[in-house]
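Notes follow the structure.
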Amino acid sequence: MLGFAVVTLDTQVVNVALPDINRDLGGSLPGLQWVVTGYTLMFSALLLFAGTVSDRIGARRAYGTGMMIFVVASAVCGLAPGLGWLVAARILQGVGAALVTPTSLALIRAAYPDSVARARAIAYWAMGGSIAAAAGPILGGALTQLDWRLIFFLNLPVGVAAVLVLRGAADSPRHVVSFDVTGQVAAVLALGALTYGVIEGGDLGYGSVRILAVFGIAVIAAVVFLITQARGRHPMVPLDLFRSRTVRVALAVGFLGMVGFYGVVFLQSLYFQQLRGVSPFVTGLLFLPMTGLVALLVPLVARVITRFGPAAAIIGGQLLMAAGLAGLVLLPADAPTLLVAAVMVPVGVGGSFTVPPITSLILDSVPPHRAGTASGVFNTFRQLGGSLGVTAYGAVVASQATFLSGLHISLTATAVLLLLTAAASLTLRGAQH
């Protein structure tokens, strides 16, 4: 719970500080995007590898290693003398976060063999992330009033506490698995090239030789990755996982939910400060209704799942998110900031109703020895949605004449896609919790 909380905190706490980071270290909108996506990109790209590490060396050891990397990288972020250093340290943070997330779920899977008890434990695990998401913008805004570097130093005591708590956990079993080096390199190259092309294409032009070449590299790397997974002796992502309809739908829901949530936090942080002239701290407070209710509603989500089943919570959550995104698009440009904050609430609440049940369904759909791999695949799709969501939203905004027009296009497209995945989630009604 501590581990998931601290890595989630760093996906949220930085957004509010972006204007101040820009003033201190320089850079343009693409540079600010890299501060966010450098972390989430490496987070998502290495989760598959981290799942394999968890199965091979044991979740307990992998978790501890990841947390120490995260703590060291956080210290480097706080001391970064320039934007390049900050982005590089954020990438290193992503390496640590990638090891922490699937291993925390694998520890839960091992500690709670009963599915009902495991679902309750996962709800509390999710609550750790929810509390961090709620606190992130406010902490980021408050600390930025003093110095934005403090938001990274905040991770140090939390990370150390997580390592100390880990000492009380039982040793994790180890399984004989081999590393898929070619597949991992191909995955990082494909995701990195795609992200670079989308972000930098806004400045260089998507028809430029450099951007076309980068997209070509992304396509080739993606093909190599798929071939290694289909024909390799030790694939990171056994393709038979995708034979399950539950797994396929769950991955789509996890991906798109993070596109909407991360995208809203990124864009609305800039919107409040740059268009409405709000301070970083007040911006953090404006996110409180959206993120605070997420933390408070986690126990209610568990009861809803027990009474109505996971499919109802998943479908309802996606419809709520779509409604919130549509509401933000329909608001007039001069709407009071408090009204904007209120309309953002369904986006956060909707997400809180999808994560616990969809996570439980994923783990219940695989045998115990594949828990680390399955959770790695699921969280890869979620974090990939977050990183590509910020990337795509920033690219759309950069291509439009005004910030608001880019924001409206991004949110409208996401709302439509959420309606489609909600419809697909109807097939989950027969899934057992």
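Couple of notes before you dig in:
- Hits in region 349-371 - residues which are among the β-branched types (V, I, T), buried (at least 24 other Cβ atoms within 10 Å of the Cβ) and either assigned to a loop (DSSP other than H, G, I, E, B) or free of Cβ contacts under 8 Å to residues at least 40 places away in the same chain (or both): T354
- Among the residues listed as A170, A126, A162, the single one being modelled with pLDDT under 80 and surrounded by 21 or more Cβ atoms within 10 Å (Cβ to Cβ): A126
- Yes/no for F287 being crowded, with 22+ Cβ neighbours inside 10 Å and free of Cβ contacts under 8 Å to residues at least 60 places away in the same chain: no
- Any hit, region 39-49, residues being open to solvent by 50 Å² or more (accessible area, probe 1.4 Å), of a type in the set (A, V, I, L, M) and part of a helix (DSSP H, G or I): no
- Among the conditions (1) in contact with a helix residue (DSSP H, G or I) (Cβ under 6 Å, 6 or more places away or on another chain); (2) in a helix (DSSP H, G or I); (3) more than 30 Å from S244 (Cα to Cα), R382 misses just one, which is (3).
- Taken over region 366-404, the criterion of being over 17 Å from the mean Cα position of the chain (by Cα) and within 15 Å of V237 (Cα to Cα) is satisfied by V366, P367, H369, R370, A371, G372, T373.
- Residue check for L194: over 22 Å from the mean Cα position of the chain (by Cα), part of a helix (DSSP H, G or I) and modelled with pLDDT of 80 or more: no
- Test: T182 is open to solvent by 70 Å² or more (accessible area, probe 1.4 Å), of a type in the set (V, I, T) and over 26 Å from T359 (Cβ atoms): yes
- Screening region 234-276 for residues that are over 21 Å from the mean Cα position of the chain (by Cα) and polar (S, T, N, Q) and picking the one that is surrounded by the fewest Cβ atoms within 10 Å (Cβ to Cβ) gives Q274.
- Cβ pairs under 9 Å, 6+ apart, first in region 60-75 and touching a residue at least 40 places away in the same chain (Cβ under 8 Å), second open to solvent by 50 Å² or more (accessible area, probe 1.4 Å) and not aliphatic (A, V, I, L, M): R60/D171; R61/D171; R61/R174; A62/R56; G64/R167; S74/F153; A75/F153
- I57 meets each of the listed conditions (1) open to solvent by 20 Å² or more (accessible area, probe 1.4 Å); (2) farther than 17 Å from L191 by Cβ; (3) touching a Leu at 6+ places or on another chain (Cβ under 8 Å) apart from (3).
- Any hit, region 340-348, residues being assigned to a helix (DSSP H, G or I), in contact (Cβ under 8 Å) with a residue 40 or more places away in the chain and more than 27 Å from A123 (Cβ to Cβ): yes
- Options V282, V329, V304: the member that is part of a helix (DSSP H, G or I), open to solvent by 20 Å² or more (accessible area, probe 1.4 Å), touching a residue at least 12 places away in the same chain (Cβ under 8 Å) and in contact with a His (Cβ under 9 Å, 6 or more places away or on another chain): V329
- Residue satisfying condition, being within 27 Å of L267 (Cβ to Cβ), modelled with pLDDT under 85, open to solvent by 50 Å² or more (accessible area, probe 1.4 Å) and under 22 Å from the mean Cα position of the chain (by Cα), within set I138, I131: I131
The values are calculated or read from the model by the stated rules, or taken from the named source; none is laboratory data. The shown structure was predicted, so the numbers you read here are calculated from the model rather than taken from an experiment. Neighbour counts are summed over all protein chains in view; Cβ atoms, including those assigned to glycine, are modelled from backbone coordinates with ideal geometry. Note: accessible area is taken over every heavy atom of the protein model, side chains too, but ligands, DNA and RNA are not part of it. Shrake-Rupley method; radii C 1.70, N 1.55, O 1.52, S 1.80 Å.
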